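Have a look at this one before I ask anything.
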Amino acid sequence: MNTIDKDLAGRVAVVTGASSGMGRATALLLASRGAKVALLARRKDALDALAAEIRQQGGEAIALVTDVTNQASVEASAAAVRKELGNADLVFNNAGLMLPGAIGSQPQHEWESQIDLNVTGAMRVIQAFIPQMEEAAAQGKVVDLINTSSIAGQYVFGYFAVYSATKAFVSHLTRHLRVELGPKNIRVSVIEPGITETELQSHFTFQGAIDWLENASKSIDFLKAEDIAATVGFIVSMPKHVNMQQIVIMPTKEGI
């Protein structure tokens, strides 16, 4: 862990989807820069292992088993963050699910679960932590809300209709939240990655998407979770008066 650059010392960061991929990488980076990090996800073993790794490297972290599709679970975790670490002033709203499928034949639980997690779950996290962020901003702290979207929210991809629509919601929501929260000194940002090598693709059940992904991997160097973490690190390193509203990050060889 980098022991020199501790520019985030004193900040309280919340990372959802922290058990793997972009969330895990971002939690490690934020902790390395001195933030106290609350790790939120459903898998206890993975969270506990990550928290132990952060502590071993000199950082501070708490593991909070959280299901963002459950209101009581999110509220309990928000209360635990306030009690154990103080008011959250950096929220990486990152939990998500991607399940491509053909309209009309995709199992109901697959399209429903994407909406529940990517849309309603994201809103639960925002609603639960806004009071803490507002209090932190009123105390003069730098405050960031960073939402994970996707380039799928901007473009049209066959068989990704539901996923793309959920990410379009997240991107457009972010623009609106800036209007409300910017005057309160809360910065609101959205990251829209292209193809990223994460656990999400392992959940695919639609063969067409599985085949496309395999072919794409032969010609494109996918983004890594650490690339997204570095982007979050860049956003939060900006001076207090600077809000990076929207960052699109793509593999160099990926076309649209």
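Please determine, in degrees from 0 to 90 and to the nearest 10, the orientation of helix 21-32 with respect to the longest principal axis defined by the Cα atoms of the chain, where the helix direction is its Cα long axis.
20 degrees
Here is a follow-up. Can you give me the relative contact order of the chain as a percent, contacts being Cα pairs under 8 Å and 6 or more apart?
Working: 497 pairs, mean separation 48.6, N = 256.
Result for the chain is 19 percent.
Moving on to the next point. Can you list the lysines whose alpha carbon is less than 17 Å from that of residue 224, not counting same-chain residues fewer than 8 positions off?
253
Which order do the peptides 97-109, 50-62, 180-192 come out in when sorted by mean C-beta neighbours inside 10 angstrom, highest first? Write down the numbers at each step before the final one.
Values: 97-109: 14.5, 50-62: 17.5, 180-192: 19.4.
So the order, starting with the most tightly packed, is 180-192, 50-62, 97-109.
Excluding residue 74 itself, what net charge comes from residues whose Cβ is under 11 Å from its Cβ, given Lys and Arg +1 and Asp and Glu -1? Display every interim value, and only then the final one.
On the way: positive: 124; negative: 67, 75.
Neighbour charge sum, excluding residue 74 itself: -1.
Could you work out the helix-only [θ] at 222 nm for the chain, with each DSSP H run of four or more residues adding -39,500 (n - 2.57) and the total divided by the number of residues, to the nearest 500 deg cm²/dmol? Don't skip to the answer; put the middle values down first.
On the way: 8 runs with 109 residues, N = 256.
Computed ellipticity for the chain at 222 nm equals -13500 deg cm²/dmol.
While we're here: Enumerate the aspartates and glutamates that residue 36 could reach by cross-link, defined here as Cα to Cα under 14 Å, with residues fewer than 8 away along the same chain left out.
The reachable aspartates and glutamates, counting only those whose Cα sits under 14 Å from residue 36, are 7, 53, 60, 84, 89.
Straight distance only, please: which aspartates and glutamates reach the Cα of residue 240 with their own Cα at less than 12 Å, same-chain residues fewer than 8 apart left out?
Reachable aspartates and glutamates: 144.
Tabulate in residue order the Karplus-calculated ³J(HN,Hα) for segment 45-56, using 6.51 cos²θ - 1.76 cosθ + 1.60 with θ = phi - 60°, rounded to whole Hz; enter x for Gly and Pro.
The phi angles translate into 4, 5, 5, 4, 5, 5, 4, 5, 5, 5, 5, 4 Hz.
If I take the Cα coordinates of segment 45-89 and project them onto the principal axes, what are the three extents in Å, biggest first?
33, 23, 14
Read the figures in this text as sums done on the coordinates, not as results from a lab. Just so it is clear, the structure is predicted and the values come from calculations on it, not from any experiment. Counting neighbours? That spans all protein chains shown, and the Cβs are built from the backbone with ideal geometry, glycine included.
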